[in-house]
Amino acid sequence: MNIAVVGCTGKLGSVIVKKILTRKDVTLKYAIARRGNQYTGKKISDIINCNCELTVTDNISDALDCDLFIDCTNASVFMESSIVKYTAMKKPVVIATTAFLNEDIERIKELSKLTPIFMSGNFSIQLHYFLETLKFAVKNICNETDIQIIEYHHNQKKDAPSGTALMIREALVNANTSFTPEMINICSVRGGNIFGQHEVIFASCNDEVTSYKHRVFSRESFADGAIEVAIWLVTQKAGFYGMKNFCKQLDGK
C-alpha cells in the first residue's frame, strides 16, 4: 500500500515516516509538508534521520497515485486548504491531528460520504483498553463521586484540553449517563517534552480515591497505531471511522 504522509516534517509526521520505512507491507510514496514549508524541495533524508530520497512537496494534489493519506498537520491547515483537495481526490484519509471545531467535524463527516475517513484524538491501541477499563469502573460509582481528568503534554502542544482527554470524558459520560460533561473537570498541564499522560481520578465522599493512569514514553505508539489503522481503512467503504471501529476487529467482535 502506497501512503502519502502530510505534515511529514512535524513531530508525529516524522516518526510516522520513519516507521513506514521500516515495514515491508506499506510504502512511503509521498512526503508532503504544509504549503510554504521551508523544507519543500529538499530530500526527506536531509530533514530527518532516515534512508529515503523522496523529495518533499507541499501540494497534496501531487499524490495522485497514492492509496491513502495520513494527515498530521493541524486543524486550521486541514480545514482551510487540505479538505478541499481530499474532497476532489476521494482517497481514504487518516486524520492524526486534533482541535477541530464542531462545525469542522460536520464538514469532515460530509467528506466521509465520498471516501473512508478515520479520525481519532489518539492512535494508541492500548488506550482503547484503558478506556474500556474506565467505562467498567464508572458504571457503578455514585453521583457523589467527583471525577477529575488530568492530562500532561509537551509545551508545544497547542490545544487544551487534549483530544485524548475529551475522548476519555466522552467515554465516561456514555458509560454512566448520570454524569454530564460539565461534571467532569479536565486539568491540562503543559511542560517540557512530555509525550502524553492521562490520569482519571474518582474521589468519593467516603474518604476513598481510585485513580487510573495511561502514559506513553514516545510517539512511536501513536505512529504504529496510525499505520495499522491506515492498512485497515484502505479496505473499508466510505464512512466516518474511529478507534472503536478499528478495535472491534482486533477484539474479534
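For the stretch 184-234, which fully contained strands (runs of 3 or more DSSP E) count at least 1 residues that are surrounded by 14 or more Cβ atoms within 10 Å (Cβ to Cβ) and of a type in the set (S, T, N, Q)?
Passing ranges, in order: 184-190, 196-203.
So, of the residues in the stretch 175-217 that are without any contact (Cβ under 8 Å) to a residue 40 or more places away in the chain and among the small types (Gly, Ala, Ser), which turns out to be nearest to Ala96 (Cα to Cα)?
Going through the qualifying residues, I end up with Ser188.
Scan the stretch 1-29 residue by residue and report those that are polar (S, T, N, Q) and buried (at least 20 other Cβ atoms within 10 Å of the Cβ).
Applying the first criterion (polar (S, T, N, Q)) to the stretch 1-29 yields 2, 9, 14, 22, 27.
Once the filter is applied, which keeps residues that are polar (S, T, N, Q) and buried (at least 20 other Cβ atoms within 10 Å of the Cβ), the stretch 1-29 yields Thr9, Ser14.
So which pairs qualify, if the first residue must be in the stretch 137-152 and surrounded by fewer than 19 Cβ atoms within 10 Å (Cβ to Cβ), the second must be acidic (Asp, Glu), the Cβ gap must be under 6 Å, and the two must be at least 6 apart or on different chains?
The qualifying pairs are Ile150/Glu199.
Is it the case that some residue within the stretch 112-120 is open to solvent by 90 Å² or more (accessible area, probe 1.4 Å) and assigned to a helix (DSSP H, G or I)? Steps first, answer last, please.
Here is the first cut: in the stretch 112-120, the residues open to solvent by 90 Å² or more (accessible area, probe 1.4 Å) are 113.
Within this subset, residues satisfying the condition of being assigned to a helix (DSSP H, G or I) are none.
Within the stretch 112-120 (the criterion being open to solvent by 90 Å² or more (accessible area, probe 1.4 Å) and assigned to a helix (DSSP H, G or I)), the answer is no, since none of the residues qualifies.
Out of the residues in the stretch 156-173 meeting the condition of being closer than 15 Å to Ala99 by Cβ and open to solvent by less than 10 Å² (accessible area, probe 1.4 Å), tell me which one is farthest from the chain's Cα centre (by Cα).
Step one: of the stretch 156-173, the residues closer than 15 Å to Ala99 by Cβ are 156-167.
In the following step, the residues that additionally are open to solvent by less than 10 Å² (accessible area, probe 1.4 Å) were identified as 162, 164-165.
Values: Ser162: 10, Thr164: 8, Ala165: 12 Å.
Selected residue: Ala165.
Tell me, yes or no, whether the stretch 72-86 has at least one residue that is in a helix (DSSP H, G or I) and farther than 28 Å from Glu103 by Cα. First the steps, then the outcome.
Looking only at the stretch 72-86, we keep the residues that are in a helix (DSSP H, G or I), and these are 75-86.
Still in the running and farther than 28 Å from Glu103 by Cα: none.
Looking for residues that are in a helix (DSSP H, G or I) and farther than 28 Å from Glu103 by Cα, one finds none in the stretch 72-86, hence no.
Could you look through the stretch 235-248, keep only residues that are more than 15 Å from the chain's Cα centre (by Cα) and open to solvent by 50 Å² or more (accessible area, probe 1.4 Å), and pick out the one that is nearest to Lys90 (Cα to Cα)?
Restricting attention to the stretch 235-248, the residues satisfying the condition of being more than 15 Å from the chain's Cα centre (by Cα) are 235-239, 248.
Cutting the leftovers down to open to solvent by 50 Å² or more (accessible area, probe 1.4 Å) gives us 235-237, 248.
Working: Thr235: 14, Gln236: 13, Lys237: 12, Lys248: 25 Å.
Residue satisfying both the conditions and the ranking: Lys237.
Which ones in the stretch 92-111 are crowded, with 20+ Cβ neighbours inside 10 Å and part of a loop (DSSP other than H, G, I, E, B)?
Selection gives Pro92, Ala96, Thr97, Thr98, Phe100.
One line per residue, one yes/no per condition, for (1) in contact (Cβ under 8 Å) with a residue 40 or more places away in the chain; (2) of a type outside the set (A, V, I, L, M, F, W, C); (3) over 18 Å from Ala223 (Cα atoms); (4) out of contact with any strand residue (DSSP E or B) (no Cβ under 8 Å at 6 or more places or on another chain):
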position: Ile20; (1), (2), (3), (4): yes, no, no, no
position: Asn59; (1), (2), (3), (4): no, yes, yes, no
position: Cys66; (1), (2), (3), (4): yes, no, yes, no
position: Asn74; (1), (2), (3), (4): yes, yes, no, yes
position: Glu80; (1), (2), (3), (4): no, yes, yes, yes
position: Ile95; (1), (2), (3), (4): no, no, no, no
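Cβ contacts < 6 Å: first residue within 13 Å of Thr87 (Cβ to Cβ), restricted to the stretch 102-124; second residue surrounded by fewer than 19 Cβ atoms within 10 Å (Cβ to Cβ) and of a type in the set (S, T, N, Q), any location; separation 6+ or different chain. Result?
Matching pairs, first to second residue: Leu111/Thr87.
Of the conditions (1) over 17 Å from His198 (Cα atoms); (2) open to solvent by 20 Å² or more (accessible area, probe 1.4 Å), Gln126 fails just one. Which one is it?
So Gln126 meets the others, but not (1).
Considering each of Arg219, Arg190 in turn, give the residue that is touching a Leu at 6+ places or on another chain (Cβ under 6 Å) and either within 30 Å of Ser14 (Cβ to Cβ) or of a type in the set (Ser, Thr, Tyr) (or both). Spell out how you get there, then give the answer.
Numbers: Arg190 fails: touching a Leu at 6+ places or on another chain (Cβ under 6 Å).
Just one listed residue meets the conditions, Arg219.
Exactly one of (1) at pLDDT below 95; (2) in contact with a helix residue (DSSP H, G or I) (Cβ under 7 Å, 6 or more places away or on another chain); (3) not acidic (Asp, Glu) is unmet by Phe240. Its number?
(1)
The values are calculated or read from the model by the stated rules, or taken from the named source; none is laboratory data. In this text, all values refer to a predicted model and were calculated from it rather than measured experimentally. With ideal geometry, Cβ positions are generated from the backbone for all residues, glycine too; neighbour counts draw on all protein chains shown. Accessible surface areas use protein heavy atoms only, side chains included; no ligands, DNA or RNA. Shrake-Rupley method; radii C 1.70, N 1.55, O 1.52, S 1.80 Å.
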